[in-house]
Amino acid sequence: MPSNLPDVVLWSIPAFILLTVVEMVSYRLHPDDEAAGYEARDAATSIGMGLGSLFFDLLWKIPVVAIYTAVYELTPLRVPVLWWTVLLMLLAQDFCYYWSHRGHHVVRVLWACHVVHHSSRRFNLSTALRQPWTAFSSWPFYLPLIACGVHPAALAFCSSVNLVYQFWIHTERIDKLPRPAEYVLNTPSHHRVHHASQGSYLDRNFGGILIVWDRLFGSFAAETERPVYGLTKNIETYNPLRVATHEYVAIARDVRAAGDWRERAGRLFRGPGWQPQGVSPMAPAAVDPGPAALPSAAVAPALAVTPGTTDAVTGARTGPAADAATGTPAAAERLS
């Protein structure tokens, strides 16, 4: 078993607290009328979601660790834990994270988990703590690493490094970094785009540590206008339980009202906001459709992203073009 791999998240907690306090004070001393800033109830909800996720993550890790351990024991491959292999594992984990993150934006049952992180209309360091309580849906994306001989503990270390890195990019107090950094790394500017609800920003910038994956697979968008944060249809609650479960409730309602099994499957596995043939989303809003359709469908067809629309009832999203499989007319807007 790999040794000398620190618990990065645990060691980072004091820095999380300190940096959040510093950012709060900075808004007091140097207010920015255009920035979303802090709001007490919103920040409290984000912190509450973060604390709750610590408990629920322990529960979900039990079966996931069992699966990873079984796969690791079955594979004949082994990746030693050396300084240079750890760098390669971090790179591979970040690549898998990109596809996991992208998948959680374009498959509704996965979006039901990830929507929690996007539910705040603020964008500050406390927003980074707004984590889901149902994070049991990411593990299949990392199975290839285990099958290639990466020890589950080494994967956990890489995942924690990725998570800790993303804390500091949840801020409006940092403008753009020097161009080389902006080209390679995920930065506050890139992540502000990811959290925005404008049509041209929807479903963009999925990278964790590196933004190069988005550049390679066509999901990158630069920050050109000031983002408007949150969902295209925001939830009017600060109740952590409702924040954690509201999209699951909406899915259950839609599945219960579905006319057949094909529609039920669509409500679960199609994109957020998908509607069966002959049913249009309510109150569609025309938006800039953004960049052309992503060219990465050949790599992962199920994760193809089309910037687009949001269902007016559920806050879920759909694309600006008619659904290719059903001929469903789509409207134009959406929401990690």
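The values are calculated or read from the model by the stated rules, or taken from the named source; none is laboratory data. Predicted, not measured: the structure shown is a model, and the values here were computed from it. As a convention, Cβ positions derive from the backbone with ideal geometry for all residues, glycine included, and neighbour counts pool all protein chains shown. Ligands, DNA and RNA are stripped out before the accessible areas are found, and what is left, the full protein with its side chains, is counted by its heavy atoms. Shrake-Rupley method; radii C 1.70, N 1.55, O 1.52, S 1.80 Å.
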*Within the range 119-150, find all residues whose amide N lies under 20 Å from a label point positioned 7 Å from the Cα of LEU58 along Cα-to-beta-carbon.*
129-137
*Specify, per residue and in Å³, the volume enclosed by the convex hull of the alpha carbon atoms belonging to the range 159-220.*
86
_Alpha carbon centroid spacing (whole Å) that separates the range 113-170 from the range 193-241_ = 16
*So how much slack lies between VAL65 and ALA265, counting 0.36 nm per residue of separation and subtracting their Cα-Cα distance, in nm?*
69.1 nm
*asked:* Among 129-141, 80-92, how do they line up by average Cβ neighbours within 10 Å per residue, starting with the highest?
replied: 129-141, 80-92
*Top to bottom by accessible area (1.4 Å), largest first, where do CYS158, CYS148 land?*
CYS148, CYS158
*Measure off 7 Å from each Cα along the Cα-to-Cβ vector at ASP32 and TYR238, then give the distance between these two points in nanometres to one decimal.*
2.3
*asked:* Just the number please: accessible area per residue for the range 67-162, 1.4 Å probe, all protein chains included, in Å².
replied: 37
*Roughly speaking, to the nearest percent, how much of the range 1-90's 1.4 Å accessible area is carbon and sulfur?*
74
*asked:* At 7 Å along Cα-to-Cβ for each site, give me the label-to-label distance between LEU91 and ARG253 in nm.
replied: 4.7
*Rg(Cα) of the range 186-254 divided by 2.2 N^0.38 Å?*
1.31
_Quick check: net charge around SER46, other residues with Cβ under 12 Å of its Cβ, Lys/Arg +1 and Asp/Glu -1?_
+2
*Filter the trypsin sites (Lys or Arg not before Pro) in the range 153-233 to those in DSSP coil with at most 15 other Cβ atoms within 10 Å of their Cβ, and list the result.*
ARG173, LYS176
_Rg/Rh for the range 95-250 to two decimals, with Rh computed the Kirkwood way over all alpha-carbon pairs._
0.95
